[in-house]
Amino acid sequence: MALYLLYESSSGYALFQAQGLDEIGQNTEAVRNSVADLNRFGKVVQLTAFQPFESAVEGLNQCNSVSEGLMTDELRSFLELNLPKVKEGKKSKFSLGVAEPKLGSHISETTKITCQSGEFVLELLRGVRLHFDKFIKDLKPGDLEKAQLGLAHSYSRAKVKFNVNRVDNMVIQAIFLLDTLDKDINSFSMRVREWYSWHFPELVKIVNDNYLYARVAKLIEDKSKLSEEHIPVLTEILGDEDKAKETVEAGKASMGQDLTPVDLINVQLFAQRVMDLAEYRKNLYDYLVTKMNDIAPNLASLIGEVVGARLISHAGSLTNLAKCPSSTLQILGAEKALFRALKTRGNTPKYGLIFHSSFIGQASAKNKGRMARYLANKCSIASRIDCFAEQGTTVFGEKLREQVEERLEFYDKGVAPRKNIDVMKSAIETTQNKEAQPVEASAKKSKKKKSKPEDAPAEAANGDALEDAKSEKKKHKRKKEQGHGAEEMNGINGDVAEQDGTAKKKKKKSKDDVAAASETKKKRKSKE
């Protein structure tokens, strides 16, 4: 059976045919010895086809596919074009040697080509890799090294590529530094107390807080200089006027020894360092809270930022924590006790780092184990949502926290909690509503912006229509008024006509009277 070798180089795909394997033998040791000699190896392995990559981007995509064990369309066309064709229903008379077993299985499933990958094939491919620049004649010296270096950089960059806002490594470093600072500040504060107590031993009993003690020691310096003028300043630091007065009185009657100015300066400098460390610790805690809300908001809202960060740092990353089952997450941090219990066949621990959660402290002694198991279950769900969700939200963490609180009430009072499926449905609905609200708001804004230039003629047309309607109403009113006016005018005209008729009749009567009068005058004259 003929053997073909598929070699994925940084510059392209190459297909080799292995002939005369009897000369070097099927033994792996014989192949390993013959690889170093190019003359002997070149007679056995010959180049059949070579397909270079068109660009560095294509080379990166092909490299990613090969590393994942997937056959791309380009690789399939290259193999189908250069390998002997296999008839349907018959086995291939050749086999293809590949370096990746996953890639070989995918090729055999897709193209029905028999693939093999073993020590014998790997040794042959090692020889191909060693003498590859000799098989490709058009390659210039240094081209292959440049291609390998560029592809290696781009491949590593793509593998390391991540979201800057979701870097869990920053949380791991921050929680480590926070724990270290707590230890250092505690030890340094005890050193300040011990050092300054030689000068002012009564101050230890008055001021219990380490940070406040360092501030007071920095302010007082020499106890002999304490007076009532220091009471307002001490009241601001201690927050209690009685303690301030007690400090001043204790300073006047202190049993401590006097210190030289150089010793007091050293004490003050060290106290200032402790104060700076305490302030930096506060800033670091605020930074940790903000990073946890960006990286694992649900886990932080469920169990707290500090405990969630400790779980992530102990697991190694958020992805590793998401892969852990809830039983592993429950005892995370108690590995020594677990293996000791397994060795001595004793009781295994019920909780590890999760014990620092407030929920475990609220539970009763008999229910602490149950509560730890239930809380680990919810933490596992929250970490998986944070790891694989595209958009960060605290809705699921808040709902899971409500479930844990309900479970506490169930253990204490017997109140039945809600079902998990109902809580998850409500959480999904709230997240969908939150996502829909900004989309609707943006759509409304875009509609308003679009409607301003486009709806101007429509608004004008609407204005014209309104004006037409108003004019029609006015016309209708005018007609009505004209009708009423016509009736009134008709009435007035009738009255005027009647008045005119009576006036005419009066005029006619007056004319008749005048004629009668003139006739009577004529008759009188005739008689005379």
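A compact table of results
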read-out	value
Segment 115-158, subset assigned to a loop (DSSP other than H, G, I, E, B) and out of contact with any helix residue (DSSP H, G or I) (no Cβ under 9 Å at 6 or more places or on another chain), residue least open to solvent (accessible area, probe 1.4 Å)	142
Hey, residue 202 at positive phi and either surrounded by 13 or more Cβ atoms within 10 Å (Cβ to Cβ) or β-branched (Val, Ile, Thr) (or both) or not	no
Filtered residues of segment 313-351 (kept if among the hydrophobic types (A, V, I, L, M, F, W, C) and under 27 Å from residue 174 (Cα atoms))	315, 318, 321, 322, 324, 329, 331, 332, 334, 337
Within segment 191-215, tally of residues that are part of a helix (DSSP H, G or I), of a type in the set (A, V, I, L, M, F, W, C), closer than 11 Å to residue 238 by Cβ and within 47 Å of the chain's Cα centre (by Cα)	1
Filter pass, residue 95 being outside any helix (DSSP H, G or I) and surrounded by 16 or more Cβ atoms within 10 Å (Cβ to Cβ)	yes
Some residue of segment 374-395 being over 21 Å from residue 295 (Cα atoms) and at pLDDT 85 or above	yes
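The values are calculated or read from the model by the stated rules, or taken from the named source; none is laboratory data. All values reported here derive from a predicted model rather than from experimental measurement. Cβ: placed from backbone, ideal geometry, glycine included. Neighbour counts: every protein chain shown. Accessible surface areas use protein heavy atoms only, side chains included; no ligands, DNA or RNA. Shrake-Rupley method; radii C 1.70, N 1.55, O 1.52, S 1.80 Å.
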